[in-house]
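Okay, so here's the structure we're looking at.
What follows draws every value from the coordinates through simple rules; no lab data is involved. All values reported here derive from a predicted model rather than from experimental measurement. Every residue, glycine as well, gets a Cβ built from its backbone with ideal geometry; the counts of neighbours run over all protein chains shown.
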Amino acid sequence: MANAAKRFEVIPGQPRPQIAFSGVTLRLGGKTIIENLSLGVRPGEFLCVVGASGCGKTTALRLAAGLYQPTSGKVDFDGQPMLHPRREIAIVFQDYGKALLPWRTAAGNVSLALEAGGMPAAERPARIEELLRTVGLPGHAGKYPAEMSGGMQQRLQIARCLAQEPKTLLMDEPFGALDAMTRQGLQDEVLALVAASGATVIFVTHDLDEAIYLGDRVIGLLPHPGRIGIELAVNLPRPRDQLSTREHPEFLRLRRQLFDFIKATEQ
Amino acid sequence: MNRIATIWLWRAASFAVAASFIALWQLIANLKLVSPVFLPGPDRAWASLMRGFSNGDLWSKLAGTLEHMAYGWLAASIAGIAIGAIIGSSRIMRTYVAPSLEFLRPLPVSAIIPVAIAMLGLTQAMALFVIAFGAIWPIMLATIHGFAAVEPRLYEVARSLQMSRLAVILKIALPSASPDILAGMRLSLTVALILSVVCEILAGLDGLGHWVLLSARAFRSADLFAGVILLGVTGYVTSVAMSMAEHRLLAWQASQR
Ligand SMILES: Nc1ncnc2c1ncn2[C@@H]1O[C@H](COP(=O)(O)OP(=O)(O)OP(=O)(O)O)[C@@H](O)[C@H]1O
Ligand SMILES: [Mg+2]
C-alpha cells in the first residue's frame, strides 16, 4: 500500500488517464476525509467504487466532479488541472428528488442542460424527445418530477446528464433507493447507454454485486481517512447478462474477495 | 359527500351570514338605534354608491386609490425582490444584514410618515414612498427566506452545467423562491391598500381615503359608507385576483402534494 501513489503514475505508451488523482488529500472541518489518494481512470473505463458507509466515496466523487478542491495533491481531467466543475463531467446524484427542478416538466429538466450548452431553442424539442426515449421515458415529457416514480425520476436525471454529452459520467449510488427489479433494469440500461456513448464512468455503490456486474475495475476504500484498500480487475465478458454473469465462477470469486475485504474493514 | 357539494354548502353558508348581517344592519338603521347622521341603512349606502358611480365621482376616487396602491406595490415588489435576492443569495449578507432587518420590520410604518412628510411634503412622492416602504417588508423578507431555502443540490447541478450567475438566479433561485415571493406579495397588497388610504387622508390626495374623510366631515354618512364598502370590495377583489395568479403560476406545486 505504501507504493499506492506510484501504481497509477502515467506510464509512457499507456493512454493518458481521463481523470487522474495524484496524491489527493482533502481536509474538511479539521478532519482528513481523503488521504493521499492516487488513481487513474482510463478513457472509456467503467470504474466502480465500494466501501463501508462514511469511508469517503461521495467525497472522492465530488473531487472528481470538481465540486471540491483537494487540500493537497491534484486532480487532472484530460491532462488539465480541474479547477472547477465542467459540462463534460456529468454527475448523477443519489437523491434524484433534490437534483431535479420541481417547477420544470421532464422536458424542461432535460432542456436545462441543453440551454446551458447553448443549443438553439428550435433544436431542443427534437433532442429532448430523443433523450427521453433513450432513457425509457417516451410520452412523459409533460410530467412534473413529483408525478413520476423514483425509477422514472432517476431515469430523468440520467437523461439530463446525457444531454450534457459528458465525457465522464459520475454516479453516486444512483440506484440505492430503488427496488431490486427497477435496479437491475436500470443497470442494464446504463451499461447499454455507456457502451453507446463511450463515456468514462465512475460508479459509487454499496452493493458489491452491482459493482462487479457493472465494472471493468472495482476499488474498495478504507475509512478514516479514505484511501484505496483493494483493487480488482473484472475480467468478465461483455455484454453482461443478469443471469449468466452473476453465475460466472469469476464473478463469484471476485464477490468473495470483495466481501472478505469489506468484512475486514468493518472490524 | 363529494368535494363540490361541500364547497357549495360553504358558499351558501357564508352568503347566508352576509345576508343576515346586512338585514341586521338595516334593522338597526330602521329602528334608529344609532342616529341616521352616523349610521345610514344599507339602502341609503347602496343608493349613494350607485349615485357616485353614475355621476363618475366614485370612479375617479377609486381610480386614484388603485393608482396609489398599484404604484406603491409595484415599486415595493421590484425593490423587495431585488434587495431580498441580493441578501438571500449570500450567506455573509444573511448573517450580517438580516438581523437588522428583523429589528426594523416591527417598526410601525406610521412612525416614518412624519419623516416622509418632512422630507417630501404632502405630495404624491411622499405617498409613493410611504406605501412602498410599508409594502416592501413582507416581499423582501419572503424573498430572503425563499432564496436562502433553495435546495443546495440544485446549485451543484448549476455548477456542473457551468451556468452563468444570471442564469442561476433566473432559472433556479427565482422559481424556487417564487411560492414565498408570491405569498409575500399577496400580504403586501393589503398593506399597500391601507397605506394608500392613510396617505390620501393625510395629504389630501385624490382617492377613496380623501372621499371618506370629506364625507365624514360633512356628516354625509351614506357617502362615507359607500366609500368604506368600496374599499372593502377593492381589498377583496385584488386579493382574490392575486390568489388566482398565484394558483396559475404555481401549478407545478399542485402535483407535489
Ligand atoms: N462537508 C463536510 N464536512 C466535514 N465532514 C464531512 C463533510 N462531508 C463529509 N464529511 C465526512 O467525511 C466522511 C466521508 O463522507 P462521504 O459522504 O464521502 O462518505 P460515503 O462513503 O459516501 O458514505 P455513504 O456510503 O454513507 O454515502 C464522513 O465521515 C463524513 O462525516
Ligand atoms: Mg455517499
Compute for the stretch B:78-132: radius of gyration divided by Kirkwood radius, i.e. Rg/Rh, restricted to C-alpha atoms, rounded to two decimals.
1.09
If you take the alpha carbon radius of gyration of the stretch B:115-222 and divide it by 2.2 N^0.38 Å, what ratio comes out, to two decimals?
1.57
Count charges around A:G56 for me, please; just the other residues with Cβ under 13 Å from its Cβ, Lys/Arg as +1, Asp/Glu as -1.
+3
Short version: ³J(HN,Hα) in whole Hz for each residue of the stretch B:26-31, in order, from phi by Karplus 6.51 cos²θ - 1.76 cosθ + 1.60 (θ = phi - 60°), x for Gly and Pro, what are they?
4, 4, 4, 5, 5, 7
Please work out the C-alpha center-to-center distance from the stretch B:188-253 to the stretch A:49-81 and express it in whole Å.
59
222 nm [θ] for chain A, helices only, -39500 (n - 2.57) per DSSP H run of 4+, per residue, to 500?
-11000 deg cm²/dmol
Given H placed 1.01 Å from N in the peptide plane, which residues other than close sequence neighbours of A:I33 have an amide H under 5 Å from its amide H?
A:L26, A:R27, A:L28
Per-residue HN-Hα couplings for the stretch B:177-192 [Karplus 6.51, -1.76, 1.60; θ = phi - 60°; Hz; x = Gly/Pro]:
8, 4, x, 5, 4, 5, 5, x, 5, 5, 4, 5, 4, 5, 4, 5
Place a label point 7 angstrom from the Cα of A:E266 along the Cα-to-Cβ direction, then list the residues of the stretch A:40-73 whose backbone nitrogen is under 20 Å away.
A:49-58
Rounded to whole Hz, the Karplus (6.51, -1.76, 1.60) HN-Hα couplings of the stretch A:51-68, x for glycine and proline
x, 4, 4, x, 7, x, 5, 4, 4, 4, 5, 5, 5, 5, 7, x, 7, 10
Could you tell me what percent of the DSSP beta bridges with both partners in chain A are antiparallel, to the nearest 5?
50
Over the stretch B:116-257, what relative contact order in percent results from Cα pairs under 8 Å that are six or more residues apart?
26
Which percent of Cα-Cα pairs in the stretch B:40-256 sits in each 10 Å bin, short to long?
8, 28, 28, 20, 11, 4, 1
Rounded Å value of the spacing that divides the Cα centres of the stretch A:189-239 and the stretch B:74-153
53
Within the set A:P81, A:P223, A:P15, GNM on chain A using Cα springs under 10 Å gives the largest fluctuation to A:P15
For A:F46, B:F103, ascending order of other Cβ atoms within 10 Å (fewest first) is B:F103, A:F46
Compactness of the protein assembly as shown as Cα Rg over 2.2 N^0.38 Å, two decimals
1.37
Per the helix-only model, chain B has a calculated mean residue ellipticity at 222 nm (DSSP H runs of ≥4, -39500 (n - 2.57) each, divided over all residues, rounded to the nearest 500) of -26500 deg cm²/dmol
Once R0 is set to 45 Å, what does the formula 1/(1 + (r/R0)^6) return for the Cβ-Cβ distance between A:A192 and B:T95, expressed as a FRET efficiency to the nearest 0.05?
0.40
Among A:H140, A:H248, A:H224, which one moves the most in a GNM of chain A with springs linking Cα atoms closer than 10 Å?
A:H248
Between A:P85, A:P138, A:P17, find the one with the highest GNM mean-square fluctuation for chain A; connect C-alpha pairs within less than 10 Å.
A:P138
Relative contact order of the stretch A:158-267, pairs being alpha-carbon contacts under 8 Å that are 6 or more residues apart, as %:
22
May I have the count of lysine pairs in the stretch A:1-152 with C-alpha atoms under 22 Å apart, counting pairs 8 or more residues apart or located on different chains?
7
